Amino acid sequence: MIELSVVIPTFNRAGYLARCLDALAAQSAPAGSFEVVVVDDGSTDGTPALLHRYAAPFALRVERQENRGQATARNRGIELAAAPVCLFVDDDIVADPDLVREHVRAQRDGVGAIALGALRLRLESSGGLARYFATWWAEHYARLDNGTKTPDFWDCYSGNLSVPTRALRDVGGFDESLGRSEDVELAYRLVSQGLGITYLPTAVGEQRYTKGFRGLVADFDRAGMAAAALYARHPELASYAPLGDFTQGGSRALVARRTLLALRAPVWPLGAVDPLLRGKSVRLYRFIQLYCFWRSLRRELGDGDAWRRLTRAPTILMYHAVAQAGERPSRFVIRARTLRRQLEWLRLRRRPVISLDEYVAFRERSELPPPNAVILTFDDGYADNAEVALPLLQEHGATATMYVITAAVGSSNTWDAGPLAGRKVMSWEQIRGLARSGLGIGAHTVTHPRLNELGPAEAEREIAASRDVLERELGAPIVHFAYPYGRTSPAIEELVGRLGFRSAVGIQPGTNGSAVSALDLRRYEVHGTASLLRFVVDLWLGRPLLRPRNRS
């Protein structure tokens, strides 16, 4: 009984195809348990002759078509498949002896699953970029092997992948209009239909990798081109990196990326020195990979609204206290006139100031916020937020979210031994006044502890009780949270989500593309001693270019 149809698209690679078929002929699975369907995509080399004379121990079916691409060839293979499961194998893959057997076993055990086999690279190309890519590839599969990475649709490469045939036909197979990434796009649609993904570390295929600098750069470019098409079909895919996180990397990398994109700089000059680097410049090669992705995405999207929304994601600004008359500024205390200048600059530059509620609503609708949006937040709930900051915000038509430490309301800062120690905290009447004025109120725990140093029960009490008190006092849901000291962990973030918060902010800098977790949003801390120029430059980046001097 044939349990599995191996579908192989091929074009002008007779030598590779011969090795691929020989490896399938040596499988430990019985030859009668699988068939091989080869779709020749209009080859002009020795492929037709090879297939005509090949003496296969398994059932070999050959279909020839005009050259129309891999996706079309795979779809034709799906149409021809006689088995209940299709296993996709590329023509340059040499299967380990147990590959077919492991896919058959997985499909027997998990009906309706996407079974993802392991792909190893046999590097046959010199040069630093090829070595970098091979290392990245090996580390990717090592994480799948040891369980530190859970497989998702982004991992579903069609070089070694099995899927129930009916499911493939039901969703319409591969999207033939995509120039790349049609396999992960198919996997996304299959997962959306309820299929799970199983990783098979013992179903191993080896790919002989010959691409050098130019070939890899072309692949990186095609990834960006495909991302534009994927985003057009599935806007929710912007919640994944790199599409949903333009600011990956440090400040210097971000400055370089923005500058080179503005200059539309080529990367081919680096090809001349690539053989000398031998893969040691990991940061440089990672930069090249992302730069090529973004430049090709820009070519596809143009400089319109979608491009600007993807590359100019919202920046959340973090303030603490606003100086009273005669008070000197410090890292955590900003002068009222400095805050006014910053708000005036935002208005002059037409930087939209949106609320956290608006931002979260955009995310939940799988929509991108307006480009260059800014979100204002104030931590700790100091009285000057109501007495000084509120009038300034109202004067400029701006909104903000104030994070409140509930045990300190009507009292003063007792959790800090620094320059804010003893500073007056808002009363409940002031907090209610802020809420009536349209400002957002968020929870900041009961006593401002370091949550990741507490036990689970105590951490939950600090978070939940602060929300409950605020909701009781204000008569409205509290859905935004700020981590004290910016300290968090996966367990704390899971707890915050389980308690029903829609967002939580830390203190890591950067902009907030859709790939950034809503439960660990990034914020740029506005130092009270920073100049307006520093504020403008850092806001352009969404993160500090240099750390401002603390003159407190």
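A few points about this structure:
- When the range 264-382 is described by a simple charge dipole with +1 on each Lys and Arg Cβ and -1 on each Asp and Glu Cβ, the residue from A313, A265, A373 located farthest towards its positive end is A265.
- Shape analysis of the range 148-282 yields a ratio of the Cα radius of gyration to the Kirkwood radius, Rg/Rh, of 1.00.
- Per residue of the chain, the DSSP helices (runs of n ≥ 4 H) give a summed -39500 (n - 2.57) that works out to -12000 deg cm²/dmol at 222 nm.
- Taken over the Cα atoms of the range 216-368, the convex hull encloses 153 Å³ per residue.
- Cα convex hull, the chain: 165 Å³ per residue, rounded to a whole number.
- A Cα-only calculation for the range 409-552 places Rg and Dmax at 16.3, 45 Å.
- For the range 61-206, a Kirkwood radius taken over Cα pairs fed into Stokes-Einstein (10 °C, viscosity 1.306 mPa s) yields D = 100 µm²/s.
- Whole-number accessible area per residue in Å² for the range 230-311, which is evaluated in the context of all protein chains at 1.4 Å: 51
- Kirkwood hydrodynamic radius (C-alpha pairs) into Stokes-Einstein, the range 300-445, 10 °C and 1.306 mPa s, D in µm²/s: 97
- The modelled label-to-label distance for the pair A18/E453, using points 7 Å beyond Cα in the direction of Cβ, is 6.9 nm.
- Label point distance in nm, E494-A31, each placed 7 Å from Cα along Cα→Cβ: 5.0
- Each pair of Cα atoms in the range 1-72 enters the Kirkwood radius, and Stokes-Einstein at 10 °C and 1.306 mPa s then converts it into a translational diffusion coefficient of 127 µm²/s.
- For the range 259-334, the C-alpha radius of gyration divided by 2.2 N^0.38 Å, with N the number of residues, is 1.82.
- Gyration tensor over alpha-carbon atoms, the range 1-127, equivalent ellipsoid semi-axes in Å: 22, 18, 15
- Intensity falloff of the range 309-372 expressed as log10 I(q)/I(0), Debye formula with alpha-carbon point scatterers, at q = 0.18, 0.28, 0.29 Å⁻¹: -0.78, -1.17, -1.21
- Solvent-accessible area assigned to carbon and sulfur over the chain amounts to 51 percent, based on a 1.4 Å probe.
- If you take the Cα centroid of the range 429-455 and the Cα centroid of the range 116-162, the two points sit 45 Å apart.
- Cα-centred dipole magnitude for the chain, charges only on beta-carbon of K, R (+1) and D, E (-1), debye, nearest 20: 2340
The values are calculated or read from the model by the stated rules, or taken from the named source; none is laboratory data. Keep in mind that this is a model prediction, so the values were computed, not measured. Glycine also receives a Cβ, built like all others from the backbone with ideal geometry; neighbour counts cover every protein chain displayed. These accessible areas exclude ligands, DNA and RNA; they are computed on the full protein's heavy atoms, side chains included. Shrake-Rupley method; radii C 1.70, N 1.55, O 1.52, S 1.80 Å.
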